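Read the structure below first, then the notes.
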Amino acid sequence: MALGPLSFQDRGPIRAADGGLKTRSLAVIILLALIAGIGSTAVMLGERPPLGAYRLGPWQTFPRIGSSEVDPYGRALLARGPHLPLAVGEGIRLNARTDDAGAPLTGSCSYRVVGNSIPSRGWTLAVVDLADRALTGPDAAALSDADLVTSESADILITVSSRIAAGNWLRVPQAGRFGLVLRFYDTPLAASLGQLSPGFLPRIERIICGH
Amino acid sequence: MDIDPNPLAATPSTGSARRTTHGLCSRSGLARLVHALALLGTLAGIAHILSVLLVPRYAVFDAASRFLSAGADARAELVTPDGNGVSPILDADDLTEIAVCGYDLADGPLRVSARAGTTPLAISLHIRGGGVVYAVTDRAAQRGVIEFVVLNRQQFEERAARDDDGDSQRELRVVSPALQGIVVARALVRQPSDRPGAQALVSAMACGGAG
């Protein structure tokens with residue numbers, strides 16, 4: 001017996017099966033969309049906001065994170081944990097994970113942070129991990145402008161190294177990557193970021209590696 | 001029993017007809033795949049945007065939510081590191097001292113006042129769900145005191161309507177877009193000897209009802 005094309009009367013169960021298949025496909029698509037949408041949000045809300053970065057040499061800042069004009073990503077990032085960003089007008093925070101040449105900062109190298117002072121009521125330089133959190137315990141290291149011995153060649157001259165150094169020294173862990181956070185308090189810097197050149201901020205020069 | 005393996009091709013079957021049918025099937029399959037991917041992309045985009053916007057709304061881990069009950073006795077509460085020296089604030093500068101007061105404008109406006117000292121001091125307003133809406137430094141202190149009133153829009157308008165001539169000039173009014181938030185006093189510790197003074201300065205911030 002040859003089965004010919006399906007007759008009109010035969011299509012009922014097939015339509016129902018087709019409808020079930022469509023419903024199941026739609027449910028799978030919705031599930032995948034939720035996973036993709038929420039997953040991408042979780043990925044984008046990492047340690048730093050995905051938008052609004054301002055880069056000056058190796059330093060990066062997010063000036064709007066401390067203002068009412070913070071974008072939705074920045075706001076969501078702030079809402080995910082207890083953050084108290086410096087408000088615009090209160091100060092500015094700059095992060096660096098690389099030296100001036102773009103190489104990652106690592107404990108196996110020594111660096112020199114060198115530059116001229118910037119108008120502010122005070123500033124601090126701290127060593128942080130790659131999540132931009134201050135190191136704790138014996139690894140904690142930070143200094144302020146008041147700790148500095150000024151030199152004739154530059155207002156700011158700090159050796160960043162795991163080995164003890166003469167003059168201004170900021171200790172870093174012996175191995176692994178790290179970051180630097182430079183904060184200026186009560187400074188007009190945030191308002192004039194657009195007019196600044198990278199040379200305005202301290203440079204991060206690599207001195208030697210593999211010591 | 002003869003069963004035609006391809007009922008769709010039960011009509012006079014020639015090579016070209018089979019190719020056409022096969023082409024139609026694959027084309028409709030491709031169209032279905034494109035539709036499914038477009039639907040997936042659109043829904044994922046919607047889920048992404050909604051999740052980014054909803055994170056601040058339902059935030060429970062942000063700084064304002066965490067410290068909402070701080071300063072219940074109308075005096076700012078010092079934010080202290082835990083036993084391991086880890087600050088509860090993710091982006092804290094170890095060379096600062098911070099004290100906070102939580103507020104809920106449903107209980108009425110809040111009057112904030114702090115005395116300027118020898119170390120740089122800033123006061124900022126962080127709303128629940130993330131975002132800084134106001135900041136002032138001790139440079140703006142009048143006779144050594146920083147003072148302002150935090151209100152919501154309705155309270156601001158009611159107060160303005162009650163004002164006698166000149167009342168509005170006597171107090172600084174800050175409108176908070178959210179009912180709940182925290183007032184943050186932050187003082188810079190430029191030298192270790194500054195720390196006790198900085199702690200006393202930020203802890204002395206008063207934040208009581210403004211009537």
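The values are calculated or read from the model by the stated rules, or taken from the named source; none is laboratory data. This is a predicted model, so every value here is computed, not measured. Cβ atoms come from the backbone with ideal geometry, glycine included; neighbour counts cover every protein chain shown. To get the accessible areas, we keep the full protein, side chains included, count just its heavy atoms, and leave off ligands, DNA and RNA. Shrake-Rupley method; radii C 1.70, N 1.55, O 1.52, S 1.80 Å.
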### Task
Specify which of the listed residues (A:Ala146, A:Ala166) is at negative phi, of a type in the set (Gly, Ala, Ser) and open to solvent by less than 70 Å² (accessible area, probe 1.4 Å).
A:Ala146
### Task
Mind listing just one residue for me: the one in region A:115-138 that is under 22 Å from A:His83 (Cα atoms) and surrounded by fewer than 19 Cβ atoms within 10 Å (Cβ to Cβ) and, of those, farthest from the other protein chains (Cβ to nearest Cβ)?
A:Leu130
### Query
Filter region A:143-165 for residues that are within 14 Å of chain B (Cβ to nearest Cβ) and touching a residue at least 24 places away in the same chain (Cβ under 8 Å); which is nearest to A:Leu196 (Cα to Cα)?
A:Asp145
### Summary
Per the list (1) in contact with a helix residue (DSSP H, G or I) (Cβ under 6 Å, 6 or more places away or on another chain); (2) within 22 Å of A:Thr187 (Cβ to Cβ), residue check on B:Asn152 breaks on (2)
### Query
With respect to B:Ser168, is the statement that it is modelled with pLDDT of 90 or more and part of a helix (DSSP H, G or I) true?
no
### Query
On the given criteria, is B:Pro81 without any contact (Cβ under 8 Å) to a residue 60 or more places away in the chain and in contact with a Lys or Arg (Cβ under 9 Å, 6 or more places away or on another chain)?
no
## Note on the structure
Screening B:Val145, B:Val132 for residues that are modelled with pLDDT under 95, under 21 Å from B:Gly211 (Cα atoms) and either crowded, with 19+ Cβ neighbours inside 10 Å or more than 24 Å from the chain's Cα centre (by Cα) (or both) leaves only B:Val145
### Task
Please work out which residue is farthest from the chain's Cα centre (by Cα), limiting yourself to region B:155-195 and to residues that are open to solvent by 40 Å² or more (accessible area, probe 1.4 Å) and under 22 Å from B:Phe67 (Cβ atoms).
B:Arg195
### Query
Which residues, taken from region A:119-133, are in contact (Cβ under 8 Å) with a residue 24 or more places away in the chain and closer than 19 Å to B:Val189 by Cβ?
A:Ser120, A:Arg121, A:Gly122, A:Trp123, A:Thr124, A:Leu125, A:Ala126, A:Val127, A:Val128
### Message
Suppose we keep only residues that are buried (at least 24 other Cβ atoms within 10 Å of the Cβ) and farther than 17 Å from B:Ser124 by Cα within region A:76-93. Which one would you say is farthest from the other protein chains (Cβ to nearest Cβ)?
### Response
A:Leu77
